[in-house]
Amino acid sequence: MKVFTKTNKWVVTIALVAFLILSAGQDLHAQDSELSRYIFPSGIHAGFGFGFYSVKDQYISKEKYSGALPMIYLGWARGHNNYFYKLNFEYRNADDIKNNNVQTNITQFTLGQGFLYPIQKKTLNPQKLFLYLGPNTEIFYYENKPKIAVSGFDYARSNALMFSVGISLEAIYSLSHKFQIESSLDMTVISLGVRSVDSEEDDQLQTKLLTMFSGLNSNFDLGIRYKFYRCFSTVVGYKFQLTSINAWDPLISASNNFFIGLTYKF
């Protein structure tokens, strides 16, 4: 079988280095404009989540594997003259995702960046509801390593990689000067996908161009933020993540996470 040669350690290291480079490369001296009056949570973000994960990966098995898949994330956002720039990194890993007595190790990470432009506020309660829409780019990596015995030079491993362009939509509803409700939706539209294939059994290409119907990665968040001290705020909420790739042996995964995070707003 063809598999990616990068280990989890190198994958995560490369993603973190890319995150730091992109963060350092932004114009930190740009002057904030009227956007500063908006309540968008710019600054540095960090947090973790916990919840339930399930996956059907037919490259490995037609059975469903499920279990707890914890999440950690880092983010950075800044307002410029007429838009917001955001950068985020999310990592998930667990080695006890199960199907009966068979276990597998799941690793996922997402490195994304995007631009958000304020949309004209809705006429319903216009002083409190703020909407933002814009394009984003994303690198998504998935690895499934079952803990099963194999023979010879075979590998029991499934990998997927997507370089995507998509859209982001965010909504913020202000409850008071300390509390606000936040929601976001990120969705890939077109991607360059790379997938594990068995060259001995079929002649499928390892790399394909995917649409949102043949390769989709999406996230939905809903949370409440509390500004508790000067530039610091905390957020708790719910996150739903869905990945569906059917251009090769079908892969579909979904997770429900409750998360908590801290933001320092500069």
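Every read-out reported here was derived from the displayed coordinates using simple, explicitly stated rules and does not represent laboratory data. The structure presented is a predicted model; accordingly, all values stated were derived computationally and were not measured. Please note: Cβ atoms are built from the backbone with ideal geometry, for glycine as well, and neighbour counts cover all protein chains shown.
Some notes on this structure:
- Sparsely packed trypsin sites (Lys or Arg not before Pro) within segment 50-106, loop by DSSP, other Cβ within 10 Å at most 14: 62
- Residue 226-residue 115 pseudo-label distance in nm [points 7 Å out on the Cα-to-Cβ vector]: 3.7
- Hull shadow area, averaged, segment 159-259 [alpha-carbon convex hull, nm²]: 7.6
- Segment 204-266: trypsin sites (Lys or Arg not before Pro) in DSSP coil with no more than 14 other Cβ atoms inside 10 Å: 230
- Across every pair of non-identical alpha carbons in segment 220-266, the mean reciprocal distance, once inverted, gives a Kirkwood radius of 12.8 Å.
- Surrounding net charge for residue 137, when Lys and Arg each add one and Asp and Glu each subtract one, Cβ distance under 15 Å: -2
- Order of 221, 186, 95 - criterion: other Cβ atoms within 10 Å of each residue's Cβ, fewest first: 95, 221, 186
- The modelled label-to-label distance for the pair residue 192/residue 169, using points 7 Å beyond Cα in the direction of Cβ, is 2.9 nm.
- Ordered by the number of other Cβ atoms lying within 10 Å of each residue's own Cβ, fewest first, 263, 207, 104 fall into the sequence 207, 263, 104.
- At full extension, residue 260 and residue 105 could sit 53.4 nm farther apart than now, given 0.36 nm per residue minus the alpha carbon distance.
- For segment 236-246, backbone phi angles converted through the Karplus equation (6.51, -1.76, 1.60; θ = phi - 60°) give residue-by-residue couplings of 10, x, 10, 10, 10, 10, 9, 10, 9, 10, 10 Hz, Gly and Pro being listed as x.
- Residue 209/residue 64 FRET efficiency (R0 30 Å; Cβ-Cβ; nearest 0.05): 0.60
- Under the Karplus curve 6.51 cos²θ - 1.76 cosθ + 1.60, θ = phi - 60°, whole-Hz ³J(HN,Hα) for segment 56-69, x wherever Gly or Pro sits: 10, 10, 6, 5, 9, 6, 7, 7, 8, 10, 8, x, 7, 10
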